[in-house]
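The values are calculated or read from the model by the stated rules, or taken from the named source; none is laboratory data. Please read these numbers as outputs of a predicted model, since none were measured by experiment. Please note: Cβ atoms are built from the backbone with ideal geometry, for glycine as well, and neighbour counts cover all protein chains shown.
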Amino acid sequence: MSQPPLPSTRLPGLEWLRLIAASGVLLLHVRAVFGGQRVFGLGYLGVDFFLMLSGFLMARVQEPRLLTGAEPLHFMAKRIWRLWPMMALGGVIGLPRLWSRSAGWEDFLTVTGLNLALLPVWGRMFVFPLNIPAWTILCELACNALHVTGLWRLRRWWFGAGVIGLLLADAWLAWHFKGLDIGAKPANFFAGALRSLAAYVLGIALARWWTRRGPLPFPWWLALPLMPALLPLVWWLKWQGWLFDMAFVLIACPLMIAGALRLQRWPQVAMWAGRIAFPLFALQMPILQGMKMLGYGYWSGLAMAAGAGIIAAWAKPLWNVRRNRQM
């Protein structure tokens, strides 16, 4: 018996949201490196959105494949190979700055080897000093691995209890750390991993619930500008804090995904928006830090990071075609 076609991962609205969230993180990092107003100081919430979207798409696309016998190890190998090269490129860009802050060759080579292998280090300000945002990719891959090896098998009630427990733990972490800006430093890395898992499993829950009942009727023209409008507004009104962070995860992110699912226009343009999002996220911090080392300012750093994301998105398909021809 023929299987029904799997749902596409290339949903135009979600591709736009990828780019919007990556841009919010970029604006956060530009301010962190060069200083300035904290208008997008809540851009770290883009990480929670990325993890929720990852869980949503994994449940929507990969779980049906697992039910038909897909091999989890094969999937994880492909997943790592898809994400690692761009993160490695970001790490290579960050090598000069790492060398300038290393205690010697042994320290430099140790941190470089571990971080390029997407493994954290301790005794530094950040667990990934080579490319700070890499901690989120490690957490996403860990969530993916948990998903394909066990989470997808959990019965509905056990999974629901797990989701509630993780969200309660996430709320406690947000209260304890006065927000969800956690995960990049050794002192809060494991808390950040738990934060990531909570957002991820909520994405799985949304995909399963909406498969049965349909997504919330939220318009796409409100979903797309919600994050870039909401984060500066909250900063301006001084509403930021752990309660807002949790409200963003529990309310704003599901509404954005639900609304974006209703957008089916401009698929080719949206495809490019989605392609730019990951290189923009993966390369931005080492480029910004390198530009500061060279004496450049805010706008130059922003332009270079954004331009690198666009160029990498354009070059990656060409590199993939060449690699496939050689195989």
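List of remarks:
- Criterion violated by residue 292 - all others in (1) modelled with pLDDT of 95 or more; (2) within 18 Å of the chain's Cα centre (by Cα); (3) of a type in the set (D, E, K, R) satisfied: (2)
- Pairs meeting the criteria (first residue in segment 123-152 and surrounded by fewer than 18 Cβ atoms within 10 Å (Cβ to Cβ), second residue in a loop (DSSP other than H, G, I, E, B), beta carbons under 7 Å, at least 6 apart or on different chains) are 125/185.
- Segment 267-304: number of residues that are over 22 Å from residue 54 (Cα atoms) and either among the aromatic types (Phe, Trp, Tyr) or surrounded by 16 or more Cβ atoms within 10 Å (Cβ to Cβ) (or both): 13
- Taking the criterion of being crowded, with 20+ Cβ neighbours inside 10 Å and under 11 Å from residue 42 (Cα atoms), the residues of segment 217-239 that qualify are 227, 231.
- Close pairs from segment 261-276: first closer than 8 Å to residue 15 by Cα, partner of a type in the set (D, E, K, R) and not in a helix (DSSP H, G or I), Cβ under 9 Å, at least 6 apart: 270/10; 271/10; 274/10
- Residue 263, sole failed condition from (1) exposed (fewer than 14 other Cβ atoms within 10 Å of the Cβ); (2) in contact with a Pro (Cβ under 8 Å, 6 or more places away or on another chain): (1)
- Selection within segment 238-260 - in contact with a Phe, Trp or Tyr (Cβ under 8 Å, 6 or more places away or on another chain) and either outside any helix (DSSP H, G or I) or not β-branched (Val, Ile, Thr) (or both): 242, 253, 255, 256, 258, 259, 260
- Pick from segment 177-216, criterion over 19 Å from the mean Cα position of the chain (by Cα) and not in a helix (DSSP H, G or I), ranking: surrounded by the fewest Cβ atoms within 10 Å (Cβ to Cβ): 214
- Residue check, residue 146 within 23 Å of residue 75 (Cβ to Cβ) and outside any helix (DSSP H, G or I): no
- Test result for residue 123, among the small types (Gly, Ala, Ser) and more than 30 Å from residue 257 (Cα to Cα): yes
- Qualifying residue in segment 305-315 (condition: of a type outside the set (A, V, I, L, M, F, W, C) and farther than 22 Å from residue 51 by Cβ): yes
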